[in-house]
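The block underneath contains the structure these notes are about, expressed in structure tokens.
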Amino acid sequence: MQKQKNKYKMQINTPKQKNHVPVLLQEVVSILKPKNGETYLDLTAGYGGHANEILNKIGFSPLSVLVDRDCNAVRELEILFKKRVTVLHSDFLSASKKLAGEGKTFDLILADIGVSSPHLNESSRGFSIQHNGPLDMRMDQTAALSAYDVVNSYSVEQLEVLLRVYGEEPKAKKIAAILVENRPIETTHELAEIVAQAWPGYSKVHPATRTFQAIRIAVNDELQQLQSSLPLWESLLAPGGRLAVISFHSLEDRIVKRYFNEHSDSYDANLTILTKRPITAGPNELLINPRARSAKLRAVAKIKTNG
Ligand SMILES: C[S@@+](CC[C@H](N)C(=O)[O-])C[C@H]1O[C@@H](n2cnc3c(N)ncnc32)[C@H](O)[C@@H]1O
């Protein structure tokens with residue numbers, strides 16, 4: 001394990017790999033309805049696509065805050081926005097706790113959850129089945145836990161649960177056993193090939209897709225981050241403010257949908273739902289950005305109270 005740790009020291013890359021196309025951009029703008037003078041909190045600002053569009057409509061101010069846990073993204077945001085807004089290198093749960101603790105509120109909040117194109121395209125980040133790289137998958141290059149640690153040190157029982165719950169993997173037991181048998185597993189291609197042994201024959205998506213999703217969710221604590229942040233986002237919304245969340249898989253969408261349903265449109269609720277059904281990408285967007293195919297946008301507004 002020690003040997004591997006050195007491999008995962010800060011893999012910070014230059015900002016030239018910023019080819020991330022924001023998903024559902026026009027839909028986000030239509031639902032958030034940014035107005036001049038409003039404040040904005042972007043919890044997953046990435047390479048600034050959504051932020052740029054929205055900040056150009058509301059005006060730049062240090063009261064608007066852009067958060068990302070990825071060092072490359074944060075560096076890019078700092079270059080792009082040059083101190084005209086506040087940029088935080090943080091996971092969004094910690095950032096939300098900090099901002100709520102300071103009593104801050106925002107008119108517009110966006111969380112475009114998940115990985116960015118540079119995460120998937122840069123082999124050294126170890127997220128991709130296609131590009132061979134070290135088993136890493138950390139969105140935050142300074143985080144302690146990597147995919148290598150999960151794959152090579154979790155017990156067979158822990159791996160089975162993780163694959164079943166985070167990957168919805170029907171062959172969780174078999175794959176967990178194969179992983180343990182083949183340790184140490186060092187690279188994304190090794191992992192993909194080992195998992196494929198559990199799925200002989202043809203399958204439309206790569207048989208390791210669910211395993212990669214499950215490990216990535218565990219490494220980045222993705223579901224807990226979302227579940228614990230939603231109440232904070234509600235409290236960070238100013239009266240009349242709008243919150244939009246874009247998710248990329250059903251586990252996340254379920255958490256968002258449930259929270260919005262349980263906290264809206266009843267006599268004592270603070271929120272009202274703006275999207276009866278999730279908004280998804282149309283055919284034109286899918287042609288230029290296939291990554292948008294699984295994106296689901298849900299939004300709520302905070303009810304203005306009289307007095
Ligand atoms: C889909 S990209 C966002 C792209 C961005 N909206 C844009 O237009 O460029 C998701 C970003 O969220 C970040 N991210 C994901 N989960 C996070 C979390 N829990 N806390 C902070 N950042 C997170 C990732 O590092 C990544 O840069």
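Derivation of every value follows stated rules applied to the coordinates shown; laboratory data play no part. All figures in this text were calculated on a predicted structure; none of them were measured in a lab. Note that we place each Cβ from the backbone using ideal geometry, even for glycine, and neighbour counts take in every protein chain shown.
Observations, loosely collected:
- For the residue pairs LYS33/LYS302; LYS276/LYS302; LYS57/LYS83; LYS104/LYS304; LYS257/LYS296, the C-alpha atoms sit no more than 20 angstrom apart in every case.
- Put a dot 7 Å past the Cα of ALA177, heading toward its Cβ, do the same for LEU63, and the two dots end up 6.1 nm apart.
- Model label sites at VAL165 and ARG258, defined 7 Å from Cα along the beta-carbon direction, differ in position by 1.2 nm.
- Under 15 Å from a label point set 7 Å out along the Cα-to-Cβ vector of ASN52, no amide N atom of the stretch 288-305 is found.
- Centre-to-centre separation between the Cα atoms of the stretch 235-283 and those of the stretch 100-148: 22 Å.
- Charge context of VAL67, other residues only, Cβ under 9 angstrom, K/R +1, D/E -1: -2
- Full extension of the chain segment joining TRP199 with ASN284 gains 27.2 nm, where the gain is 0.36 nm per residue of separation less the Cα-Cα distance.
- Remark on ASP112: its backbone amide H falls under 5 Å from those of LEU43, THR44, ILE246, a criterion applied only to residues 5 or more positions apart or on other chains, H modelled at 1.01 Å from N.
- Once the Cβ-Cβ distance of GLN224 and ARG84 is raised to the sixth power relative to R0 = 30 Å, the FRET efficiency obtained is 0.40.
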